[in-house]
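The values are calculated or read from the model by the stated rules, or taken from the named source; none is laboratory data. Not measured: the values here are computed from a predicted model. Note that each Cβ is placed from the backbone with ideal geometry, even for glycine, and that neighbours are counted across all protein chains shown.
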Amino acid sequence: METLQNEKRYTYADYCAWDDSERWEIIDGIPYAMSPAPLVTHQTVIGNLYYQFADFLKGKPCKVYLSPFDVRLNADTDDDTVVQPDLLVVCDKSKIDKRGCNGAPDLVVEILSPSSARHDKVLKLNTYLRAGVLEYWIVDPDTKTVSAHLLKDGEYIIRAYADTDTAPVHVLEGCTISLADVFAE
């Protein structure tokens, strides 16, 4: 992931002033350029996930959103972290405004791509943990696996699932995701 190499720390106000032709995230004041358009496999997987979440959440207070969708993880303090997860679920509607989500979503899903794998597995994982994201899924289309990180006592507990599994969504009681359907081409 490309970053701006200088000493300046950026905030959401800076981010809003940038040219919309390029997509960026800011983590702890450091801007990271987002990858160009994702591969077809990435789009297929995220679409399949979205349909399962959207179907489960019909008529429920929680809502599912797709990227690009700004998530300001510390909007009430430094406002120096804004990310665009591939998919997120928010159950507290007071966190949603016309620009996106203010605060930690209940669930975040990132789909790995070759250019973002390390970023998603290390930097974003730690960022989501610090922000209090209750459940963070890392989906790998190449290995057809999901690593579900569940927040407990300030740490993530990891549950691993393969493409033949049905994965429970811990923040959504009664919700299970068919990974065979997620990875179906």
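Closer than 23 Å to residue 156 by Cα, surrounded by fewer than 19 Cβ atoms within 10 Å (Cβ to Cβ) and touching a residue at least 60 places away in the same chain (Cβ under 8 Å): is that true of residue 123 in this structure? Spelling it out, residue 123 is indeed closer than 23 Å to residue 156 by Cα, surrounded by fewer than 19 Cβ atoms within 10 Å (Cβ to Cβ) and touching a residue at least 60 places away in the same chain (Cβ under 8 Å). Summed over region 79-120, the residues that are among the hydrophobic types (A, V, I, L, M, F, W, C), surrounded by 23 or more Cβ atoms within 10 Å (Cβ to Cβ) and closer than 21 Å to residue 37 by Cβ give a count of 7.
Residues in region 119-158 that are assigned to a loop (DSSP other than H, G, I, E, B) and either touching an Asp or Glu at 6+ places or on another chain (Cβ under 9 Å) or at positive phi (or both): 132, 133, 134, 143, 144, 153, 154. Filtering region 176-185 down to residues that are touching a residue at least 12 places away in the same chain (Cβ under 8 Å) and touching a strand residue (DSSP E or B) at 6+ places or on another chain (Cβ under 7 Å), which residue is nearest to residue 136 (Cα to Cα)? Looking at residues that are touching a residue at least 12 places away in the same chain (Cβ under 8 Å) and touching a strand residue (DSSP E or B) at 6+ places or on another chain (Cβ under 7 Å), I get 177. When region 1-44 is filtered for residues that are at pLDDT 85 or above and aliphatic (A, V, I, L, M), the ones remaining, listed by number, are 13, 17, 26, 27, 30, 33, 34, 40. Looking across region 36-78, just one residue is over 22 Å from residue 107 (Cβ atoms) and either among the polar types (S, T, N, Q) or crowded, with 18+ Cβ neighbours inside 10 Å (or both), and that is 77. Name every residue in region 55-89 that is closer than 18 Å to residue 146 by Cβ, among the hydrophobic types (A, V, I, L, M, F, W, C) and under 16 Å from the mean Cα position of the chain (by Cα), in order of residue number. Matches in region 55-89: 64, 66, 87, 88, 89. Restricting region 113-138 to residues that are in contact with a helix residue (DSSP H, G or I) (Cβ under 8 Å, 6 or more places away or on another chain) and at pLDDT 95 or above leaves a set whose member that is nearest to residue 183 (Cα to Cα) is 138.
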